[in-house]
């Protein structure tokens, strides 16, 4: 199912373009409100998902690059072995791969990941994220759904 790699390329390119635009238009500016509870706000994340390990001193960047590289190799290997009936798994892997590579490029280039999407409700603020993070989350959700037999992508066959 290597043909699903076009999804990875699309996620990667959209994420990198969105991050370039976010830096260009949001750097040094206050948050830009899009809707109540949703704004665009530039944040540089040196930590993991949701800013975990943000203040760990820098060693975490190399760890996250290594993990992303290992996961990416596993995904490409796994994509080669999937059958046509496993389209949902292939799409989920492709989304995760595109997101992981986009964030790894940030880590290698800058030493941090550019985040800019911010959701909140009153005093509750979801940590800032980016399109790569969204693709990884959607891919993970599709994988979990597949484990439980919920298939929303591809043919619904009795494997």
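The values are calculated or read from the model by the stated rules, or taken from the named source; none is laboratory data. None of the values given here were measured: they were computed from a predicted structure. Quick reminder, even Gly has a Cβ in these numbers, built from the backbone with ideal geometry, and neighbours come from all protein chains shown.
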Study note, to complete from the structure: Residues of the stretch 9-33 being outside any helix (DSSP H, G or I) and either modelled with pLDDT under 95 or loosely packed, with under 12 Cβ neighbours inside 10 Å (or both), in sequence order, are 27, 28, 29, 30
Exercise for review: Please indicate, with yes or no, whether at least one residue in the stretch 108-130 is at pLDDT 90 or above, in a helix (DSSP H, G or I) and farther than 20 Å from residue 15 by Cα.
Suggested key: no
Practice item. Would you check if there is a residue in the stretch 45-56 being part of a strand (DSSP E or B), at pLDDT below 95 and either within 30 Å of residue 88 (Cα to Cα) or touching a strand residue (DSSP E or B) at 6+ places or on another chain (Cβ under 7 Å) (or both)? Key: yes
Point to revise | Condition check for residue 79: crowded, with 20+ Cβ neighbours inside 10 Å and in a helix (DSSP H, G or I) | key: yes
Check your understanding: What are the residue pairs meeting all of these: first residue in the stretch 104-120, first residue on the phi > 0 side of the Ramachandran plot, second residue in a strand (DSSP E or B) and surrounded by fewer than 16 Cβ atoms within 10 Å (Cβ to Cβ), Cβ atoms under 9 Å, and 6 or more apart or on different chains?
Key -> 111/44
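Per-residue answers, yes or no, for (1) more than 16 Å from residue 20 (Cβ to Cβ); (2) surrounded by fewer than 24 Cβ atoms within 10 Å (Cβ to Cβ); (3) under 16 Å from the mean Cα position of the chain (by Cα):
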| position | (1), (2), (3) |
| --- | --- |
| 110 | no, yes, no |
| 116 | no, yes, yes |
| 124 | yes, yes, no |
| 129 | yes, yes, yes |
| 141 | yes, yes, yes |
| 145 | yes, yes, no |
